[in-house]
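First comes the structure, then the notes that go with it.
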Amino acid sequence: MDSILNPLVGGLLIGLTATAYLLIKGKILGISGILTQLLFTRKRWIPLLFLIGLIIGGGAYGTLTNQTVAFPDDRSPLLLIISGLLVGYGTRLGGGCTSGHGVCGISRLSPRSIVATLTFMLTAIITVALTK
Amino acid sequence: MYALVALISGLVFGLGLAFSEMTNPAVVLGFLDIFGDWNPSLMIVMASAIAVGMIGYTIKNKRIKPLLADDWQIPSLRHIDKKLIIGSGLFGIGWGLSGYCPGPGLTALTNNPSEGFYFITALILGSAIYQLQNRISH
């Protein structure tokens, strides 16, 4: 049951945050965008507080939920660095990540976000198929 | 007021990632592995998040302005260009390599600190390279 209930509740919480952000601030919630605000604009407090909340909430993993899969360990730093560079550069060039394009963009049926989501899903699936 | 809203929003979003186990890159890689031992649970996450989001937009369309801002700031771009495709394509490759997208990468700073450190440092560097490149070309 948890295998259905946990993702269902998780998705609801993510959707609720996006909705609250939209109705309160009038903006699209995207983690890559919020990180960009923190790093490269003068409006630093709000994104900083959001990301602190995110890290605390996400850090509750394992204490609040039943882990069904173990965390990976012993992965090469080089893999993580290449991955981080591609995610950092790619989300800037493409203007969004899984939250901004994938959740918010599809919710409002934005054609750009639908294309972006299909594109990153496709390249991610191919990458996993090739590297596994 | 903004500050409290921001902190609580972040907290709820993070809890959402934790409940759906998106904070664990092994779960994400299992979801992306459609030709292998596919774990479809993240489809449920996407579907329920998008369903709630759609309700949010329906409410938004009936309101004149946001609760704590003067106007809506929804992107109005509609054309699909090379930047969108190449950027999203590169992001997907990075996501498929580690199983981290930006949110779970940040939560890894506490869940799996050494992985989080390498990933987020490189992510900031990648974003800075874009920033620099953009500044030079303008």
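The values are calculated or read from the model by the stated rules, or taken from the named source; none is laboratory data. Since the model is a prediction, treat every value here as computed from it, not as a measurement. Cβ coordinates were reconstructed from backbone atoms using ideal geometry, including for glycine residues, and neighbour counts include every protein chain displayed.
Report yes if some residue within the stretch A:84-96 is charged (D, E, K, R) and within 7 Å of chain B (Cβ to nearest Cβ); otherwise report no.
Yes, the conditions are met somewhere in the stretch A:84-96.
For residues in the stretch A:2-48 being β-branched (V, I, T) and assigned to a loop (DSSP other than H, G, I, E, B), which is nearest to B:G14 (Cα to Cα)?
Looking at residues that are β-branched (V, I, T) and assigned to a loop (DSSP other than H, G, I, E, B), I get A:I28.
If only one of A:L35, A:L93 is more than 26 Å from A:S3 (Cβ to Cβ), at pLDDT 95 or above and crowded, with 24+ Cβ neighbours inside 10 Å, which one is it?
A:L35
Does B:K83 satisfy being among the basic types (K, R), closer than 29 Å to B:I34 by Cβ, surrounded by 12 or more Cβ atoms within 10 Å (Cβ to Cβ) and within 7 Å of another protein chain (Cβ to nearest Cβ)?
In short, yes.
Could we say that A:G26 is free of Cβ contacts under 8 Å to residues at least 12 places away in the same chain, touching an Asp or Glu at 6+ places or on another chain (Cβ under 9 Å), surrounded by 18 or more Cβ atoms within 10 Å (Cβ to Cβ) and closer than 24 Å to B:L84 by Cβ here?
The answer is yes for A:G26.
Which residues, taken from the stretch B:98-120, are among the polar types (S, T, N, Q), assigned to a helix (DSSP H, G or I) and within 7 Å of chain A (Cβ to nearest Cβ)?
B:S98, B:T107, B:T110, B:N111
Residues of the stretch B:31-45 being at the interface with chain A (Cβ under 7 Å from one of its Cβ atoms) and in a helix (DSSP H, G or I), which ones?
B:L32, B:S41, B:L42, B:I44, B:V45
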